Amino acid sequence: MIEKILPNLYKIEIPLPRNPLKALNCYVFKDKERNLIVDTGFDREECRQALEKGLQELEIDLSKTDLFITHLHADHSGMINRIATPSSKVYASELDGQTINGFVLSNAYWEAVSAYAARNGFPIAEVKNAIEKHPGFRYGAKNLVDFTYVSDGDVLQVGEYNLTCIATPGHTPGLMCLYEPQHRFFLSGDLILSSITPNISLFSDSDNPLKQYLQSLDKVSKLDIELTLPSHRQIIGNCLPRIAELKKHHQDRLNEIIKILENGREQNAYQVASQMTWDMTYKSFEDFPVPQKWFAIGEAIAHLKYLADKGTIQQFTKEDIIFNRLS
């Protein structure tokens, strides 16, 4: 399905089969000199067919087309190898571009996050299954990409549009959005979504993605935006009300975790996640599909890390498992 957003700016809806996200919004800028495609979909046949059909209808010549990848997740980057031509530039942040290529080179990332999930209580018997069913493991780019790295403040000119790169870490370390100040529109990637909340996950000791995410929302709230173009679900107008809702959502999450820990019992992240509120129809957390348990524990770890860095909770290791308790 193709929708015209503005002159020479279109949205192609790419289906994401059997995935809670349902579809990806791929944005296409048309220009006589060079076109630009923003994000690609999974590397799977249903996505490929939808994208190729949309590009054919828009009469896009891929030899005159560049790609902009907002972030590393496979629903955004999986089809780079199938769409990019030898003459294409593929733009991405250095952090996420290096990670995408790291997936191609080895399984080191998946081995590291598996070990960290297990240290946070994820059942060892389910870890291998979680990785094998993870869309990033199954549907990511299969070959190395020669990225052109962009940084915060860089400007890409595509026809009548001057797109400013806006670094917005949190959902991923290198999430990069695009802002057009004259026409006041913002391609928000997975920073701001309309009817769902972006997953903020952590599978290491090194970062505080929720803190970064909230800072990124504050950064974007200072921009003059009339039209917000997210990577999933409905298009948004002024994003300030949605930013306020997203910030409240995460504060509610933090408050919920504090209440879970108020009984004084030490709990690992898996135990905390099992008691959190999730928008799922299953009777219990144990009934969740393994991939949904994985995303849930990642979000629990991120929120616990935020609380630990603020001093609200204490984290400690016992028998190689990370536990949490109120300070």
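The values are calculated or read from the model by the stated rules, or taken from the named source; none is laboratory data. Here the structure is a predicted model, which means the values were calculated and not measured. Glycine gets a Cβ as well: all are built from the backbone with ideal geometry, and neighbour counts include every protein chain shown. Calculation scope for accessible area: heavy atoms of the full protein, side chains included, ligands and nucleic acids excluded. Shrake-Rupley method; radii C 1.70, N 1.55, O 1.52, S 1.80 Å.
Some notes on this structure:
- Just so you know, the Rg over Rh for segment 29-179 is 1.02, from Cα atoms, with Rh as the Kirkwood radius.
- Stokes-Einstein, applied to the Kirkwood radius of segment 235-304 over Cα pairs at a viscosity of 1.306 mPa s and 10 °C, places its translational diffusion at 118 µm² s⁻¹.
- Values of log10 I(q)/I(0) for the chain across q = 0.11, 0.13, 0.15, 0.16 Å⁻¹ run -0.70, -0.96, -1.25, -1.40, by the Debye formula with one identical scatterer at each alpha carbon and no solvent.
- Residue-count net charge about Gln234 - beta-carbon cut-off 12 Å; Lys, Arg +1, Asp, Glu -1: +2
- Among residues other than Thr277 with Cβ under 12 Å from its Cβ, the summed charge is -2 (Lys and Arg +1, Asp and Glu -1).
- Put simply, the C-alpha atoms of segment 111-227 give a gyration tensor, and the ellipsoid matching it has half-axes of 32, 17, 13 Å, longest first.
- Gaussian network model of the chain, springs between alpha carbon atoms under 10 Å - residue of Ile37, Ile235, Ile166 with greatest fluctuation: Ile235
- GNM flexibility winner over the chain from Tyr282, Tyr161, Tyr179 (Cα, springs under 10 Å): Tyr282
- With one equal scatterer per alpha carbon and no solvent term, the Debye-computed log10 I(q)/I(0) for segment 218-272 at 0.15, 0.28 1/Å reads -0.61, -1.12.
- Using only the C-alpha atoms, the convex hull of segment 1-117 corresponds to 118 Å³ per residue.
- Ser194 sits among other residues whose Cβ lies under 13 Å from its own Cβ, and their net charge, with Lys and Arg +1 and Asp and Glu -1, is +1.
- Neighbour cut-off at most 15 other Cβ (10 Å), DSSP loop, trypsin sites (Lys or Arg not before Pro), segment 224-304: Arg233, Arg265, Lys283
- Across Lys11/Lys247; Lys89/Lys247; Lys11/Lys222, pairs whose alpha-carbon gap is larger than 29 Å: Lys89/Lys247
- Largest GNM mean-square fluctuation across Glu286, Glu180, Glu299, computed for the chain with C-alpha springs under 10 Å, falls on Glu286.
- Amide H contacts of Val90 (H built 1.01 Å from N, in plane; Pro and chain starts excluded): Leu67, Thr148 sit under 5 Å, all sequence-distant by 5 or more or on other chains.
- Using alpha carbons only, the radius of gyration of segment 166-254 set against its Kirkwood radius gives Rg/Rh = 0.95.
- Our summary gives segment 213-312 a relative contact order of 20 percent, counting only alpha carbon pairs under 8 angstrom and 6 or more residues apart.
- Under the Karplus curve 6.51 cos²θ - 1.76 cosθ + 1.60, θ = phi - 60°, whole-Hz ³J(HN,Hα) for segment 84-90, x wherever Gly or Pro sits: 5, 10, x, 8, 7, 8, 10
- Listed pairs Lys219/Lys310; Lys142/Lys305; Lys128/Lys310 exceeding 26 Å between Cα atoms: Lys142/Lys305; Lys128/Lys310
- Note on the chain: with neighbouring protein chains present and a 1.4 Å probe, carbon and sulfur make up 49 percent of its accessible heavy-atom surface.
- Considering only alpha-carbon pairs that sit under 8 angstrom and 6 or more positions apart, the relative contact order computed for segment 150-212 is 25 percent.
- Translational diffusion coefficient (Stokes-Einstein; Kirkwood radius from C-alpha pairs) of segment 184-327 at 10 °C, 1.306 mPa s, in µm²/s: 97
- Mean separation of Cα contacts under 8 Å (6+ apart) over length of the chain, as relative contact order %: 14
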